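The values are calculated or read from the model by the stated rules, or taken from the named source; none is laboratory data. Values in this document were obtained by computation on a predicted structure and should not be read as measured data. Neighbour counts are summed over all protein chains in view; Cβ atoms, including those assigned to glycine, are modelled from backbone coordinates with ideal geometry. Only protein heavy atoms, including side chains, enter the accessible area calculation; ligands, DNA and RNA are left aside. Shrake-Rupley method; radii C 1.70, N 1.55, O 1.52, S 1.80 Å.
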Amino acid sequence: QNPDKLHSSEERLSGLEDGQEENSDNPDQSVRKRIRQSAPGSHRDDTPKSSPPRPVSIEELMETAKGVTNMALAHEIVVNGDFQIKPAELPEHSLEKKVRDIVHKAFWDCLEAQLKEDPPTYDHAIKLLGEIKENLLSFLLPGHTRLRNQITEVLDLDLIKQEAENGALDISKLVKFVIGMMGTLCAPARDEEIKKLNDIPEIVPLFRAIFSVLDLMKMDMANFAVSSIRPKLMQQSAEYERKKFQEFLEKQPNSLDLVTKWLQEAADDLAKLGHEMLPPHSNDGATGGASTMCFTAVQNQAYLKLLKWDHVNRPFPEVVLMDQTRFLEIQLELEQLLLVGTVLLVTFSAAGPALVDVPGFAEKVKTIVKVLLTGTHLPSFNLKESLATVGEKVCAEVNSCLSQHGFTPFSAERETVLKGQIQAVANPDNTICRLIDSRIQKFLENYLASSHQKTLPAIPGGLGPIQRELEEVAAKYVRLVNYNKMVFSPYYDAVLGKILTKEESQLVGKPEE
């Protein structure tokens, strides 16, 4: 009866996984595409083997899906301060959109045909009025007694049916009341849409427009509810997410397989770097404190690995899956900062200290480089061509600034050398690029380690031109990591306890080594 409620249960189920990204305000669709391509289902061969999953019923599956969806929604509301529910927009030429448009047209054509009969048939129109009545009542608060009585009295379906049977129904009068009530209940942002309803003379297009505006009003109410519950969720979010994940874990015992593999790799990395792998359990207080530090070191190394993750070919660990988009966005920002920082270091080294100290020069060159290297993660982006353009623009800016301040412009030979150094940044094995990358990683590592201290780590040498941008990314990254630790630290401790116990037993078994 309501053409806007034609989505099937199958569509809603398939939307559980993608609903959060479709309905929230997120920036980059290519980021979403890359994440969808790395769905865990297509990489199950990479996961550690555990006990075989037990058969589950449809009811259990639905209950689990609902719990995970609620957990993801609560997490999104807390972490994303700009989170808003928005209507899903179907792709222009998709089959789903075509089917929806055809069904909607058939419904409204049927209503128009009924109203044009002599005498008119009001069966569908009365059902629509009933739905409108339900929607209006759903917007009311408990204290809106007068408005509730007005709606119930004017939109009395039994009385409307009697009037229709006796040929005394004035549907235009009822619609006018509905529009007035919508104007009373809607947010100020919808006043313009309400005003447009009064300019629609034909009844069928008017009904259609009313339902469109009602959908917008429902969206406004949902977003108002989100903003209202956010402060309460902030207080209880960690406990709530942990509880929901535990319920999910009880139904899917192998839901920490990817986390175990991820933490094991981080522990192995630290072992290769020469970190001391301390036993996780000890009666000695000092060793116990060192053990806690060891746990923290492995966790921090694991979080740093997320910034170098292959999102296309490798599934994301379960406990950070809800933040995969955010980690990927931070990863892409760091990749761009790496290129920008390397180009600026090469340019400023060639330009010399006298020119770098010229007011506005460094910032202007940085702006040029950032603009020309925007979109490096897009498939259509050609890094070599972009760096060639960067070289041309940077050389022109350097020569212009040198001339303005009484210095000798670059010779053709020096220009060629600088352009070649800038274009060499495209090579992943470029020495300067690798140096900047290692310093960025070290800065983030120090930032993680000092996240609970008042003093922040010093910026490493060579990163001065991108210090502001790097600190902004680091702050965003650390907030994400600290919240994840707060929620899932019991699971990390349990997994790391097993990993480090195994490391200890292996070391004890090989005393000579």
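Looking across region 192-210, the residues that are of a type in the set (D, E, K, R) and assigned to a helix (DSSP H, G or I) come down to 192, 193, 195, 196, 208. Taking every residue in region 379-393 that is assigned by the TED database to the domain that holds residue 344 and pairing it with any residue that is open to solvent by 60 Å² or more (accessible area, probe 1.4 Å), at least 6 positions away or on another chain, the pairs with Cβ-Cβ distances below 7 Å are 384/423; 387/423; 388/423; 391/423. Per the listing 467, 453, the residue uniquely at pLDDT below 90 and surrounded by fewer than 16 Cβ atoms within 10 Å (Cβ to Cβ) is 453. Being farther than 24 Å from residue 325 by Cβ and either in contact with a strand residue (DSSP E or B) (Cβ under 7 Å, 6 or more places away or on another chain) or surrounded by 13 or more Cβ atoms within 10 Å (Cβ to Cβ) (or both) holds for only one residue in 90, 115, 73, and it is 115. Taking each residue of region 148-175 that is in the same structural domain as residue 137 (by the TED database) and touching a residue at least 24 places away in the same chain (Cβ under 8 Å) and looking for partners that are acidic (Asp, Glu) and open to solvent by less than 90 Å² (accessible area, probe 1.4 Å) with beta-carbon atoms closer than 8 Å, six or more apart or interchain, yields 169/163.
Regarding residue 224, is this residue within 30 Å of residue 104 (Cβ to Cβ) and surrounded by fewer than 14 Cβ atoms within 10 Å (Cβ to Cβ)? In short, yes. Comparison of 168, 189 shows that the only residue that is exposed (fewer than 12 other Cβ atoms within 10 Å of the Cβ), in a helix (DSSP H, G or I) and touching a helix residue (DSSP H, G or I) at 6+ places or on another chain (Cβ under 9 Å) is 189.
Going by the structure shown, is residue 387 modelled with pLDDT of 90 or more and either polar (S, T, N, Q) or crowded, with 16+ Cβ neighbours inside 10 Å (or both)? So residue 387 fits the description; yes. The residues listed here are 156, 191; of these, the one that is of a type in the set (D, E, K, R) and under 24 Å from residue 87 (Cα atoms) is 191.
Being at pLDDT 90 or above, under 20 Å from residue 204 (Cα atoms) and β-branched (Val, Ile, Thr) holds for only one residue in 99, 103, and it is 103. Scanning region 415-436 for residues that are part of a helix (DSSP H, G or I) and out of contact with any helix residue (DSSP H, G or I) (no Cβ under 7 Å at 6 or more places or on another chain) returns 416, 417, 420, 424, 431, 434, 435. None of 462, 406 is in a loop (DSSP other than H, G, I, E, B), assigned by the TED database to the domain that holds residue 334 and open to solvent by 40 Å² or more (accessible area, probe 1.4 Å) except 406. Of all residues in region 418-438, those satisfying the criterion of being open to solvent by less than 80 Å² (accessible area, probe 1.4 Å) and not polar (S, T, N, Q) are 418, 419, 420, 422, 424, 425, 426, 432, 433, 435, 436, 437. With respect to residue 145, determine if the residue is surrounded by 14 or more Cβ atoms within 10 Å (Cβ to Cβ) and out of contact with any Phe, Trp or Tyr (no Cβ under 6 Å at 6 or more places or on another chain). Criteria not met by residue 145.
Take residue 335 and decide whether it is in the same structural domain as residue 436 (by the TED database) and either open to solvent by 20 Å² or more (accessible area, probe 1.4 Å) or modelled with pLDDT of 90 or more (or both).
Spelling it out, residue 335 is indeed in the same structural domain as residue 436 (by the TED database) and either open to solvent by 20 Å² or more (accessible area, probe 1.4 Å) or modelled with pLDDT of 90 or more (or both).
Of all residues in region 380-403, those satisfying the criterion of being among the polar types (S, T, N, Q) and either assigned to a loop (DSSP other than H, G, I, E, B) or within 18 Å of residue 421 (Cα to Cα) (or both) are 380, 382, 386, 389, 399.
When residue 377 is tested against (1) out of contact with any helix residue (DSSP H, G or I) (no Cβ under 7 Å at 6 or more places or on another chain); (2) surrounded by 13 or more Cβ atoms within 10 Å (Cβ to Cβ); (3) outside any helix (DSSP H, G or I); (4) not β-branched (Val, Ile, Thr), only condition (1) is not met. Evaluate region 437-448: report whether one residue or more is modelled with pLDDT of 90 or more, in contact with a helix residue (DSSP H, G or I) (Cβ under 6 Å, 6 or more places away or on another chain), under 15 Å from residue 345 (Cα atoms) and in a loop (DSSP other than H, G, I, E, B). Looking for residues that are modelled with pLDDT of 90 or more, in contact with a helix residue (DSSP H, G or I) (Cβ under 6 Å, 6 or more places away or on another chain), under 15 Å from residue 345 (Cα atoms) and in a loop (DSSP other than H, G, I, E, B), one finds none in region 437-448, hence no. The residues of region 68-113 that are touching a helix residue (DSSP H, G or I) at 6+ places or on another chain (Cβ under 6 Å) and part of a loop (DSSP other than H, G, I, E, B), listed by number, are 83, 84, 85, 86, 88, 90.
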